[in-house]
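Reviewing the structure listed below.
The values are calculated or read from the model by the stated rules, or taken from the named source; none is laboratory data. These figures come from a predicted structure and were not determined experimentally. Cβ coordinates were reconstructed from backbone atoms using ideal geometry, including for glycine residues, and neighbour counts include every protein chain displayed. What goes into the accessible areas is simple: the full protein's heavy atoms, side chains included, and nothing from ligands, DNA or RNA. Shrake-Rupley method; radii C 1.70, N 1.55, O 1.52, S 1.80 Å.
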Amino acid sequence: MGKILEALASDQLCAAALDYKGSKEYKAAREASCILEQKLLEKLPEGGRELLAGYGDAQAEEHMLYTNHMFAKGFRLGVLLMLETITESGDFFLPKQEKA
């Protein structure tokens, strides 16, 4: 069995980055998000802070479900491309010769 299939079968495959550092653009967007969140938290009463935390959790869950769906959809597209490649590969084989 191939290394990737073996890792997948034994639940050892990790497709997510363990330590995502991000690009300059990502870091800038993340910093802006954190600054805005802090400013918002300072202006909200305690009940509003709890609502904002719940809203953030719900947004994260929605995003995770969407990205999982898009990953699976992309994976299926890759499989379809591979199947098309394999099924059209008959021209690589020599024709069968009839036995005399």
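Could you name the lysines whose alpha carbon sits less than 24 Å from that of Lys39, not counting residues in the same chain fewer than 8 places away?
Lys24, Lys27
May I ask for the longest run of the chain untouched by GluC sites (Glu not before Pro) that are loop-located per DSSP and have at most 12 neighbouring C-beta atoms (other than their own) within 10 Å? Show your work: numbers first, answer last.
Details: sites that count: Glu88, Glu98.
It runs 1-87.
Please calculate the 1.4 Å probe accessible area of Ile4, with all protein chains present, and give it to the nearest 10 Å².
Accessible area, nearest 10 Å²: 120 Å².
So how strong a dipole does the chain carry about its Cα centre when Lys and Arg Cβ are +1 and Asp and Glu Cβ are -1, to the nearest 20 debye? Spell out each step's value before the answer.
Numbers: 12 positive and 16 negative charges, 58 e Å.
Here the size comes out at about 280 debye.
Which FRET efficiency value, to the nearest 0.05, do you get for Leu5 and Leu65 by plugging their Cβ-Cβ distance into 1/(1 + (r/R0)^6) with R0 = 30 Å? Working shown, then result.
Values: r = 26 Å, r/R0 = 0.88.
Efficiency for this residue pair is about 0.70.
Using the reciprocal of the averaged 1/r over all distinct C-alpha pairs, how large is the Kirkwood radius of the stretch 1-63 in Å? It would help to have the intermediate numbers written out before the result.
Working: mean 1/r = 0.0662 Å⁻¹.
It is 15.1 Å.
Tell me, which longest segment in the chain has none of the trypsin sites (Lys or Arg not before Pro) that fall in DSSP loops with at most 15 further Cβ atoms within 10 Å? Before the final figure, lay out each step's value.
Working: sites that count: Lys21, Lys96, Lys99.
Free of exposed loop sites, the longest segment is 22-95.
Want the number for Leu94 to Leu51: 0.36 nm per residue separation, take away the alpha-carbon distance, what's left? List each step's numbers first, then the result.
Details: separation 43, 0.36 × 43 = 15.48 nm, distance 6.78 nm.
Stretched fully, the Leu94-Leu51 segment lengthens by 8.7 nm.
For the stretch 38-81, with the dipole built from +1 on Lys and Arg beta-carbon atoms and -1 on Asp and Glu ones, taken about the Cα centre, which of Asn68, Leu81, Leu40 lies farthest toward the positive end?
The one lying farthest along the dipole's positive direction is Leu81.
Using a cut-off of 20 Å between alpha-carbon atoms, which aspartates and glutamates can reach Lys3, once sequence neighbours fewer than 8 places away in the same chain are excluded?
Result set, ordered by chain and number: Asp11.
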